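Working notes, beginning with the structure itself.
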Protein chains: 2
Amino acid sequence: MLSDIDICRNTPLSPITEIASKAGLLEGEYASQGKFKAKVSLASLKRLKQCDTGKLILVTAITPTPLGEGKTVTTIGLAQGIAKLNRSVTACIRQPSMGPVFGVKGGAAGGGYSQVAPMEELNLHLTGDIHAVTAAHNLAAAAIDARIYHEQRNGYDDFEARSGLTALRIDAKRVIWKRVMDHNDRALRMVTVGHNEPGKLINGYEREDGFDISAASELMAILALSTDLKDLRQRIGNIVVAYNTDGKPVTTEDLQVAGAMAVSMKEAIEPTLMQTLEGVPTLIHAGPFANIAHGNSSIIADNIATKLSEFTVTEGGFGSDMGFEKACNIKAQVSGKAPDCAVIVATLRGLKANSGLYDLKPGQAIPDSLFEPDPNALSAGFENLKWHINNVNKYGVPAVVAINRFPQDSEQELQMLKELVESLPNNVEVAISEGFAKGGAGTVELAEKVMAQCEGQNRFAPLYQFEQTTEEKLMAVAEAGYGAASITLSNKAKQQLADLKNHGYDQLAVCLAKTPLSISTDGSIKGAPSGFEVHIRELKLCAGAGFIYALCGNVMTMPGLPDRPAFMNLDLDDHGNIIGLS
Amino acid sequence: MLSDIDICRNTPLSPITEIASKAGLLEGEYASQGKFKAKVSLASLKRLKQCDTGKLILVTAITPTPLGEGKTVTTIGLAQGIAKLNRSVTACIRQPSMGPVFGVKGGAAGGGYSQVAPMEELNLHLTGDIHAVTAAHNLAAAAIDARIYHEQRNGYDDFEARSGLTALRIDAKRVIWKRVMDHNDRALRMVTVGHNEPGKLINGYEREDGFDISAASELMAILALSTDLKDLRQRIGNIVVAYNTDGKPVTTEDLQVAGAMAVSMKEAIEPTLMQTLEGVPTLIHAGPFANIAHGNSSIIADNIATKLSEFTVTEGGFGSDMGFEKACNIKAQVSGKAPDCAVIVATLRGLKANSGLYDLKPGQAIPDSLFEPDPNALSAGFENLKWHINNVNKYGVPAVVAINRFPQDSEQELQMLKELVESLPNNVEVAISEGFAKGGAGTVELAEKVMAQCEGQNRFAPLYQFEQTTEEKLMAVAEAGYGAASITLSNKAKQQLADLKNHGYDQLAVCLAKTPLSISTDGSIKGAPSGFEVHIRELKLCAGAGFIYALCGNVMTMPGLPDRPAFMNLDLDDHGNIIGLS
């Protein structure tokens, strides 16, 4: 079979104007960005408000291996399958981060015959949304350090006299707004900024700082959760970046930088329209990393897509404990639109990896032996799939299992897995999905089963209400959600919780950051663990995004590059074409 | 008069397809990016190779105040003036950096009725070229720290066995590739990266590092000086990022990251086409900061423009000691195309600031008193203009002085300045330029004089040849160029010079970084100083860009934000329009 980039390059694409018109957008409701991309204007939503709202299908997965189980392949493949059945459909996915593209995982355009095209444009800069988030985020960071410097250099009175501004008296030890970069760069996790040559004070005040990957920026969550530009602007102004010397929160509005941040994100709020290899309109918006971020595509993209088409297929990152949980508890409660059906992507490889019978270590290559028939391992790993089916049903969302077929998979094991699912008491539907090898033709059975599930009455219920206390909400996700026996908070987290309550921040959602490689907070525990403890080491206020961000276990918000990063394969050929991207 | 952004918004623009066709580009030679921007394909150059090459006009200036003297206004105004005379013309300018946009200076689209439009798109992300430079630059930085970490964690042998790669043995104390960010962020000038929690080694090895502003990245110079994509790829591979434990240079090619960097810059190599308020085609390419970088627009943009039109108007940043010097000594020697005429922008305000009769401090507001009539100050400051006229003539380039008129300027002083110029022995032409208030109609006289000067025989000669020794080249710029009495090198710079010679890097250009606020390296010395010393504190190898970068005096490669940054004025109004940008 050809490589992803060769398949993509050999497939004739339609001009984006045709895709836009097929999607139901009018001229003037989008602006072409080159031949195959367009920014969709939010003005379209005004016209579409009167239209019926289509069904929302949320693709999730079992607990994945570090290479992923093909969730985007299945999302795109399923959308193409629905289109094959002559129903109108739009896919909504997140913009890939350059971190994984250049790091381990490679691109995130899907693969094989189920890709968003041109995949190299999707996987690199696209229309610059992540860059805009990065720029706006780091502008606020520069504003904070500059303000501390100018206020403290000659004292607050001097600053006020000189500038005509009121001193904010930021406590340099309590700046909570880090910097961001869209790369896997472990050396930036913990840095000291503001060094000076001895005896000089020209670079500001030295303080501990760090960089997160851009997808984990609060601004990315704001982009995903905003309903319009006004909402975006208001949320940005609510961001708390530091505390002052009296312990009071300091916001971007206080820094007078919120307007400029919104200006910098003015274009990013418009989803990007592209197409799949079979011409299905696809909206790309917001960022990935459902482990360390909200990590779902945007409410705006969903709102446009569900008005334009009968079916919208979107995805939540990693397993159903990660992106799906946040899509249900955070995104759906903000948007008011619950998923009508969930698709759980499972692979033979991924389930065997969940058996606990293989010695898999994060950061190490996945052994080929995972592709060899091993019914014991499959049967043991099936517990993980069962867990995710139950998890989805907890929210009142009907589930369909999509077995994402790899070329090396044995027919016998595929049948075995199918039967295991069919033998479950929940009457859960299952289909083998061959989107990778066959495109939409390989997902028709899946599409039919998913569409049928969408017909039922929606019984959606999130695990918590925003009005509950923060502890209750954290417990809801960890215990009712993950199935943990208990949660514990570090002393730091306890103090932060008390502070947040004091400042009145107790009506927000909660967003848990943890490893995606286990349902628990320990990436080495596979399968369907129980009796574990969720340890929360730190809480962060994201008042603009509207949630309290809880760091669990040893999760890190800036990935690192491996020994042999994916970037080593990338280059331009003699004709200027990109090679080595997958 | 209306604000810049209101003038821009009230002016009807042509679709970029019409501008492209007016410029002489064929369909397929550009890709629209929204209604008013397009990326121009390098394929156009192949077709245009046979066409005549038009005249290249380089706009420079007197020694400016920190707010600038209106060089872009004059560049755009002059291009519009030439168009008014029914001659074909293209303007080529650099992409503004967000640092100044959000910092002190504001936007860089020109102003009044001589602007590139839409100015908010130019001044913010444009088509993402600076973001691509930033991303590619920081990818290499991440690659370096990751490699050091993986090689040293368990020793070189273990690394080689594990990865199948040859250890590069980078000396962590001799990494010369810093990180970059497109913001004014003084706290990032000197940082420590790779901190760890006590007893852990998961974030790499602690080392001193720093951030430059993105425009000062070697990649930005490579973007400006490359002649095609292949040249760009090759130059990127030549970048020396560090030295190994044997003191040998380590390149991006050694890191196997050069291909990925080129991939990341694949779209950035295409200039962006926009229009002036009067519909003159304008190419935007490469970055600003002719003080701390090469800082001229690109060879590719010039090559396209001079083939498309009779006249190309471009600009070099700051005074003629800065961008103009680098355009002549670096860019013209690489491209083989010398400027046919130089325009020196002078203002009454700027000349009075150069008189030495005002107590102006960098970073402080310019006093209104500079706009009051003061013939003594004007006459004293005129020495600075004389210096720049002589400087331009040194290169064999004919000069025309453009007096950029401000609304507050007195008729009497404008006449006095005109007469002062006309009384010079060099027969230099002078015109009052009213591009700001009147657009092209205000620059017709200037246009006529400039076009006439372009008719003469080109007697261009750079100040040095690449084959000379590095010392000779540095002396040529400092002494023959700036008029310094001597140059001195710090011990560090002397050592670096010896190292560079040892490694065979002695056939490169030299790129001096110094304050733009004086012809000398001391920003407080105004006018036309002589007898000064140029102190070179550090030399940096830019083997990919093709020059040795010399840091003079106390110049800094990352600006800072002032007390009241420009971002405080920026916001979105109720209709989502940007306000406060100028």
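The values are calculated or read from the model by the stated rules, or taken from the named source; none is laboratory data. Since the structure is predicted, the reported quantities are computational estimates derived from the model, not experimental observations. Positions of Cβ are generated from backbone atoms using ideal geometry, with glycine treated the same way; all protein chains shown enter the neighbour counts.
Here the condition is being farther than 20 Å from A:Pro15 by Cα, without any contact (Cβ under 8 Å) to a residue 40 or more places away in the chain and surrounded by fewer than 24 Cβ atoms within 10 Å (Cβ to Cβ); of A:Lys266, A:Lys307, it holds for A:Lys266 alone.
Out of curiosity, is A:Val343 surrounded by 24 or more Cβ atoms within 10 Å (Cβ to Cβ) and either assigned to a loop (DSSP other than H, G, I, E, B) or not assigned by the TED database to the domain that holds A:Val313 (or both)? In short, no. Listed here are the helices (runs of 4 or more DSSP H) enclosed by segment A:6-112 that have at least 3 residues being more than 26 Å from A:Val133 (Cα to Cα): A:16-23, A:71-84. Filtering B:Lys449, B:Lys514 for residues that are closer than 26 Å to B:Trp177 by Cα, modelled with pLDDT of 95 or more, among the basic types (Lys, Arg) and not assigned by the TED database to the domain that holds B:Ile213 leaves a single hit, B:Lys514.
For the residues A:Thr11, A:Thr74, the requirement of being out of contact with any Lys or Arg (no Cβ under 8 Å at 6 or more places or on another chain), at pLDDT 95 or above, among the hydroxyl-bearing types (Ser, Thr, Tyr) and under 23 Å from A:Ser320 (Cα atoms) singles out A:Thr74.
Select from segment A:288-302 the residues that are of a type in the set (Val, Ile, Thr) and either at pLDDT 95 or above or surrounded by fewer than 24 Cβ atoms within 10 Å (Cβ to Cβ) (or both) and list them in ascending order. Scanning segment A:288-302 gives A:Ile299, A:Ile300.
Any residue at all in segment B:375-390 that is at positive phi and outside the structural domain of B:Ala480 (by the TED database)?
Filtering segment B:375-390 for residues at positive phi gives none.
So far as segment B:375-390 goes, no, none of its residues is at positive phi and outside the structural domain of B:Ala480 (by the TED database).
Name the residues in segment B:525-569 that are of a type outside the set (Gly, Ala, Ser), in a loop (DSSP other than H, G, I, E, B) and in contact with a strand residue (DSSP E or B) (Cβ under 7 Å, 6 or more places away or on another chain), would you?
So the first thing to find is which residues in segment B:525-569 are of a type outside the set (Gly, Ala, Ser), and the list is B:525-526, B:529, B:532-542, B:547-549, B:551-552, B:554-559, B:561-565, B:567-569.
Next cut, in a loop (DSSP other than H, G, I, E, B) only: B:525-526, B:529, B:532, B:554-559, B:561-565.
Scanning segment B:525-569 gives B:Val555, B:Thr557, B:Met558, B:Pro559.
Here is a yes/no grid of residues against (1) in contact with a strand residue (DSSP E or B) (Cβ under 8 Å, 6 or more places away or on another chain); (2) crowded, with 22+ Cβ neighbours inside 10 Å:
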position	(1), (2)
B:Tyr30	yes, yes
B:Phe36	yes, no
B:Thr74	yes, yes
B:Lys84	no, no
B:Pro96	no, yes
B:Gly107	no, yes
B:Gly111	no, yes
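Answer yes or no: is there a residue in segment A:427-448 that is touching a Gly at 6+ places or on another chain (Cβ under 6 Å), under 30 Å from A:Ala498 (Cα atoms) and of a type in the set (A, V, I, L, M). Taking every residue of segment A:427-448 in turn, none turns out to be touching a Gly at 6+ places or on another chain (Cβ under 6 Å), under 30 Å from A:Ala498 (Cα atoms) and of a type in the set (A, V, I, L, M).
Yes or no, residue by residue, for (1) out of contact with any Asp or Glu (no Cβ under 8 Å at 6 or more places or on another chain); (2) at pLDDT below 95; (3) surrounded by fewer than 23 Cβ atoms within 10 Å (Cβ to Cβ):
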site: A:Asp182; (1), (2), (3): yes, no, no
site: A:Phe211; (1), (2), (3): no, no, no
site: A:Leu232; (1), (2), (3): yes, no, no
site: A:Lys248; (1), (2), (3): yes, no, yes
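For the residues A:Tyr205, A:Tyr243, the requirement of being within 26 Å of A:Leu539 (Cβ to Cβ), within 10 Å of chain B (Cβ to nearest Cβ) and either surrounded by 19 or more Cβ atoms within 10 Å (Cβ to Cβ) or over 14 Å from the mean Cα position of the chain (by Cα) (or both) singles out A:Tyr205. All of (1) touching a strand residue (DSSP E or B) at 6+ places or on another chain (Cβ under 7 Å); (2) surrounded by fewer than 24 Cβ atoms within 10 Å (Cβ to Cβ); (3) within 14 Å of chain A (Cβ to nearest Cβ) hold for B:Ile19 with one exception: (3).
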